[in-house]
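Q: Below are the structure tokens for one structure; questions will follow.
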Amino acid sequence: MLSVEEKSPEKNAAVPRLNEISTKAARDFSRNFKNASDPKWFKAKEGFVVYFRKDGVDSRAFYTKKGQYEGVILSYYEDKLAPKIRHLVKSVYYDFNICHVYELQNEDMTAYVVKLLGKTSCKTVSIVNGEMNVIEELQKQ
């Protein structure tokens, strides 16, 4: 799966013609992401990326060139975060605000990357299988 910090598709990927999009990917997308609004497909080096919005959450789904689903990245704010994950983060970082959340899902697992803002520092934590780790920490100037 591509990284969370992947550059914007407009710079990396071409907009495919409808007949270039894998029919397997298109069928899978419409079956698994019902009510998705404004899907935009892009060709990527590894296959296809479709950007869309569903239930107020910006998302991007990834497919191989052969149309095999690889996973999805959801991008949202604290109000959409699962209560269990929010509690885990806030129980340790209670003086920090949750600024942004990336939720990475594939068939095997769900992982979270949470951006936190405190009075003197910013942190990025990952949560996989209920285990939280700091992956980045920056001090405010």
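The values are calculated or read from the model by the stated rules, or taken from the named source; none is laboratory data. Since the model is a prediction, treat every value here as computed from it, not as a measurement. A quick note on method: Cβ atoms are made from the backbone with ideal geometry, for glycine too, and the neighbour counts reach across all protein chains shown. SASA here: full protein model, heavy atoms, side chains in, ligands and nucleic acids out. Shrake-Rupley method; radii C 1.70, N 1.55, O 1.52, S 1.80 Å.
Q: Across the chain, what fraction of all alpha-carbon pairs, as a whole percent, falls in each successive 10 Å bin from zero upward?
A: Per 10 Å bin, starting at 0, the Cα pair percentages come out as 11, 38, 30, 17, 4, 0.
Q: Could you pull out the longest piece of the chain with no exposed loop chymotrypsin sites (Phe, Trp or Tyr not before Pro) in it, calling a site exposed if DSSP puts it outside H, G, I, E, B and it has at most 14 other Cβ atoms within 10 Å?
A: 1-76
Q: What's the magnitude of the charge dipole for the chain around its Cα centre, counting Lys and Arg as +1 and Asp and Glu as -1 at the beta-carbon? Answer in Debye, nearest 20.
A: Dipole about the Cα centre, nearest 20: 420 debye.
Q: Give me the accessible area per residue for region 73-141, probe 1.4 Å, as a whole number in Å².
A: Per-residue value: 63 Å².
Q: Taking all protein chains as present, what is the carbon and sulfur share of the accessible area of the chain, in % to the nearest whole number, probe 1.4 Å?
A: Ligands and nucleic acids excluded, carbon and sulfur reach 50 percent.
Q: Please list, or write none, the lysines whose alpha carbon is within less than 27 Å of the alpha carbon of Lys66, excluding same-chain residues fewer than 8 places away.
A: Excluding near neighbours in sequence, the set is Lys7, Lys11, Lys24, Lys34, Lys40, Lys43, Lys45, Lys54.
Q: Evaluate E = 1/(1 + (r/R0)^6) for Glu136 and Asp108, where r is the Cβ-Cβ distance and R0 equals 25 Å; express this FRET efficiency to the nearest 0.05.
A: Given R0 = 25 Å and the Cβ-Cβ separation, E is 0.55.
Q: Give the long-range amide H neighbours of Gly71: residues separated by 5 or more places, or on another chain, with amide H under 5 Å away, using H modelled in the peptide plane at 1.01 Å from N.
A: Phe62
Q: Then there's this: List the longest stretch of the chain that has no exposed loop site; here a site is one of the trypsin sites (Lys or Arg not before Pro) assigned by DSSP to anything other than H, G, I, E or B, with at most 15 other Cβ within 10 Å.
A: Longest gap between qualifying sites, sites excluded: 67-118.
Q: What angle, in degrees between 0 and 90 and rounded to the nearest 10, separates the Cα long axis of helix 83-92 from the longest principal axis of the Cα atoms of the chain?
A: 40 degrees
Q: Over the heavy atoms of Thr110, what accessible area does a 1.4 Å probe trace out, to the nearest 10 Å²?
A: Accessible area of Thr110: about 60 Å².
Q: At Arg27 and Ser121, where each label point lies 7 Å from the Cα along Cα→Cβ, what is the point-to-point distance in nanometres?
A: With each label point 7 Å from Cα toward Cβ, the separation is 5.1 nm.
Q: Moving on. Return one number: the angle in degrees, 0 to 90 and rounded to the nearest 10, between the long axis of the Cα atoms of helix 23-32 and the longest principal axis of the Cα atoms of the chain.
A: 40 degrees
Q: Just going by the charge dipole of region 9-131, with Lys and Arg at +1 and Asp and Glu at -1 on Cβ, which of Thr120, Ile73, Ala36 is farthest out on the positive end?
A: The Cα lying farthest towards the positive end belongs to Ala36.
Q: To continue, here is another question. Would you mind working out the magnitude of the charge dipole of region 31-114 relative to its Cα centre, with +1 at each Lys and Arg C-beta and -1 at each Asp and Glu C-beta, to the nearest 20 Debye?
A: In debye, rounded to 20, region 31-114 gives about 380.
Q: Express in whole angstrom the spacing between the alpha-carbon centres of region 35-50 and region 65-141.
A: 23 Å
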